[in-house]
């Protein structure tokens, strides 16, 4: 099960923390290195976060970094402040119906992002997925589209009743929907065993 650590900007996270060990620290430093060192600085036995707010997930551990402000107010308030900041910038669209879900105290930021994404997918399904034209090359029983002579000879030397053609299909199987499907698989991977998994 995924563990969550909630911190503020410029906080330190050391290997003495229950859920943070050397392996996770090395993985976190590698992620930071891949992104040009913009998230954190390495320390001898941990890391110190920079001016970055958001969520970093590494090796089954979710690290939630909230805006550094009056920390006495608690995590839920600053989590909501971060979400409102993202709304204002236009990077996160939260409808009034989704705002009630965002206000739940037991969700971490990553789960909130996932829930908003899943709600958008559900609304897209209700509206109806768009169809586009795409090309397909395969063996068919009727001649339509362009006959591919090399494919015809390779695939249908014995089966003279078939045609190897390249033709257009108008359906919902196109790149945009394939990207959404891969994103759904990623969400399923990270939310396995939670209520979001059912959604």
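The values are calculated or read from the model by the stated rules, or taken from the named source; none is laboratory data. If you're wondering where the values come from, they're calculated on a predicted model, not measured in any experiment. A quick note on method: Cβ atoms are made from the backbone with ideal geometry, for glycine too, and the neighbour counts reach across all protein chains shown.
Quick check on the range 183-190. Is at least one of its residues over 16 Å from the mean Cα position of the chain (by Cα), at pLDDT 85 or above and either in a helix (DSSP H, G or I) or surrounded by 13 or more Cβ atoms within 10 Å (Cβ to Cβ) (or both)? So that I can check it myself, show each step before the final result.
To start, the set of residues in the range 183-190 that are over 16 Å from the mean Cα position of the chain (by Cα) comprises none.
Checked the range 183-190: no residue is over 16 Å from the mean Cα position of the chain (by Cα), at pLDDT 85 or above and either in a helix (DSSP H, G or I) or surrounded by 13 or more Cβ atoms within 10 Å (Cβ to Cβ) (or both).
If you go through the range 127-154 and keep only what is out of contact with any helix residue (DSSP H, G or I) (no Cβ under 6 Å at 6 or more places or on another chain), surrounded by 10 or more Cβ atoms within 10 Å (Cβ to Cβ) and in a strand (DSSP E or B), you end up with 132, 134, 135, 136, 137, 138, 140, 146, 147. Among the residues making up the range 6-53, those that are in contact (Cβ under 8 Å) with a residue 24 or more places away in the chain, assigned to a strand (DSSP E or B) and either in contact with a helix residue (DSSP H, G or I) (Cβ under 7 Å, 6 or more places away or on another chain) or not assigned by TED's automatic domain parsing to the domain that holds residue 111 (or both) are 6, 8, 46, 47.
With respect to the stated conditions, residue 199 is in contact (Cβ under 8 Å) with a residue 12 or more places away in the chain and under 27 Å from residue 56 (Cα atoms).
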